[in-house]
Amino acid sequence: MDWPVISQNLPAFGQGLVMCLKLLVISLATGFVLSVPLAIARISAHRALAWPVWAFTYVVRGTPLLVQVFIVYYGLAQFQAVRESIAWPLLREAWFCAWLAFSINTTAYTTEIFAGALKATPAGEVEAARAYGLSGWTLYRRILLPSALRRALPQYGNEVVGLMHATSIASTVTLVDVTRVARDVYANHLLPVEAFATAAVIYFALTFLMVGGFKVLEHRFLRHLKPQQAVQR
Amino acid sequence: MLHGYGPAILGGLWVTLSAAGLSLAVACLFGLAGAAAKLSGARGLRWLAEAYTTVIRGLPDLVLMLLIFYGGQIALNALAQRQGWDYIDVPPFAAGVLTLGFIYGAYLTETFRGAILAVPAGQTEAALAYGMRRWQVWRRIVLPQMVRHAIPGFANNWLVMVKATALVSIIGLDDMVHRANLASAATREPFTFFMLIAVIYLSITTLSLAALAWLERRYSLGVRKVSF
């Protein structure tokens, strides 16, 4: 065991953590913004709307994230049209490709989660809303989305933690995240246990914090679904 | 179009499938042991199983793989040195299978635990009352009935695990992803090869889902469906 090497490299691990969190936040934000409209399309009665979204989530969820990252980062460069397009300065960047691949991936999973939550809306809620004269956009904004997004919270928490773990794949496309730092420390000093255990502790602490954070959110937003307790006198 | 790399990729598919299949078998062993430990009366066992599932599920697969593969190699060779054996080179295939099995065993522990709890306790009691031994109760009563409850979670884990085999290419497994990497480096056509293996993974998913639907029908034969 050689821990001084690890303490020397702690600043590098810190920078890796920042990279991991940056990737996580921008991918999550993109995924959330895209998933809400896609989930609404996914449960739509119009086949032409629902079917493409179903196909999108099926394909993305049926293939490994690693392969998706490789297709975006290495694959797209195969085409001259891509290399000459205005997007090339961005598509050449590893962080952009990682963001793109992670966003597409989490959008697919989150869309299914939100769609499932929307489908689980009690029919009576919709009937009552219609009886009050709400329809279309207002119905979604005031009734369906607030309750569905709350109901989706536990599963969404799992997806957030899953995506945080998945950011370790960014280390395969030259991005220096926590995993990459650990792999570099391993390569330079041949200390696999110390290097990867440090990364593991960082990821575990993040998982712990996020799970705790979502517990707090669930307590706050799902209070109405808790069983009622008898009033003590 | 594939510049003659088609057979190599298909050979890689075989590696991927056998790694996934063997990992699933290992994961089932860990999962059953974990579930049994979680449901056992011994507090030490319960605590151990709880630590196992919490730690494994709190870490990225890739980091665990690197830790177990490289760390395990060093630990094994430290042991070998002390015993005076030769240097042991852990083959990536065995390491990958054991690591994946160990990781997904933690997920299957939860699946199996839930499935066992879903079998009504009265059935176990009745079987015990008939004078069956513990393992007879387990084999004749609990196991056949828990399968039905375990299928959805089990299938889900299988689908995730097939995709996780892609990560084993990073520690040197010569699977589809690894071969696609080599082929795209040689031909400078990465899109073609990575798309090809994406399509193959998608076919595995599709076939697995079809098999799952069949299995679910098969194991739910005796269960009445509610029609609304």
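Since every read-out is calculated from the coordinates, none of them should be taken as a lab result. Note that the structure is predicted; figures quoted are calculated from it, not measured. Don't worry about glycine lacking a Cβ; one is built from the backbone with ideal geometry, like all the others, and counts go over all protein chains shown.
Numerical summary
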read-out	value
For B:192-198, mean number of other protein chain Cβ atoms within 10 Å	6
Cα→Cβ-extended label distance, 7 Å offset, between B:ARG217 and A:PHE208, nm	4.9
Peptides ranked, highest mean first, by Cβ atoms within 10 Å: ranges A:10-23, A:183-196	A:183-196, A:10-23
Given charges at Cβ of Lys, Arg, Asp, Glu: region A:3-222 dipole, positive-most of A:LEU144, A:LEU100, A:ASN158	A:LEU144
Eligible lysines near B:LYS163 by straight Cα distance, threshold 23 Å, same-chain separation 8 or greater	none
DSSP-assigned coil residues among trypsin sites (Lys or Arg not before Pro) in region B:155-194, each with at most 15 further Cβ atoms within 10 Å	B:ARG188
Relative contact order of chain A, pairs being alpha-carbon contacts under 8 Å that are 6 or more residues apart, as %	29
Two-site FRET efficiency, B:ALA42 against A:LYS22, from Cβ-Cβ distance with R₀ of 45 Å, rounded to 0.05	0.50
Two-site FRET efficiency, B:MET1 against B:ALA94, from Cβ-Cβ distance with R₀ of 25 Å, rounded to 0.05	0.10
Net charge contributed by nearby residues that have their C-beta within less than 14 Å of A:TRP54 (K/R +1, D/E -1)	+3
Least to most buried among B:THR187, A:THR179 (fewest other Cβ within 10 Å first)	B:THR187, A:THR179
Set of lysines with alpha-carbon distance to A:LYS226 below 18 Å, sequence-local pairs under 8 removed	A:LYS215
Helical segments meeting 18 Å axial Cα length and Kyte-Doolittle 0.5 threshold in chain B (DSSP H)	B:6-39, B:92-118, B:143-168, B:190-219
Stokes-Einstein translational diffusion, region B:153-228 - Kirkwood Rh over all Cα pairs, 1.567 mPa s, 4 °C, in µm²/s	88
Where chymotrypsin sites (Phe, Trp or Tyr not before Pro) fall in DSSP loop in region A:52-139, at most 14 other Cβ within 10 Å	A:PHE79, A:TYR132
Label point distance in nm, A:ARG142-A:LYS215, each placed 7 Å from Cα along Cα→Cβ	3.7
Hull-based mean projected area of chain A, where the convex hull spans the alpha carbons, in square nanometres	19.1
Surface/4 estimate of mean projected area, convex hull on alpha-carbon atoms of region B:1-75, nm²	7.4
Kyte-Doolittle at least 0.5, axis length at least 24 Å by Cα - qualifying DSSP helices, chain A	A:3-42, A:94-119, A:192-221
Fewest-first ranking of B:TRP138, B:TRP158, B:TRP47, using other Cβ atoms within 10 Å as the exposure measure	B:TRP47, B:TRP138, B:TRP158
Loop trypsin sites (Lys or Arg not before Pro), region A:59-162 (other Cβ atoms within 10 Å of the site Cβ: 14 or fewer; DSSP)	A:ARG92
Whichever aspartates and glutamates have a C-alpha closer than 19 Å to that of A:LYS22, once near sequence neighbours (fewer than 8 apart) are set aside	A:GLU93, A:GLU159, A:ASP177
Largest-first ellipsoid semi-axes for the protein assembly as shown, taking √(5λ) over the Cα gyration tensor eigenvalues, angstrom	36, 33, 24
Square roots of five times the Cα gyration tensor eigenvalues for region B:80-208, Å	41, 24, 9
Net charge of Cβ neighbours under 12 Å - reference A:PRO64; Lys, Arg +1; Asp, Glu -1	0
Orientation-averaged projected area, Cα convex hull of chain B (nm²)	18.0
Residue-count net charge about B:LEU182 - beta-carbon cut-off 14 Å; Lys, Arg +1, Asp, Glu -1	-1
Shielding by other protein chains, A:157-167, mean Cβ within 10 Å	2
Positive-end extreme of charge dipole, region B:7-219 - chosen from B:ILE116, B:ALA155, B:ILE141 (charges on Cβ)	B:ILE141
Shielding by other protein chains, B:49-61, mean Cβ within 10 Å	4
Length-normalised contact order of region B:1-160 in % [C-alpha pairs under 8 Å, at least 6 apart]	30
Simple Cβ-charge dipole of the protein assembly as shown, Lys/Arg +1 and Asp/Glu -1, about Cα centre, in debye nearest 20	1980
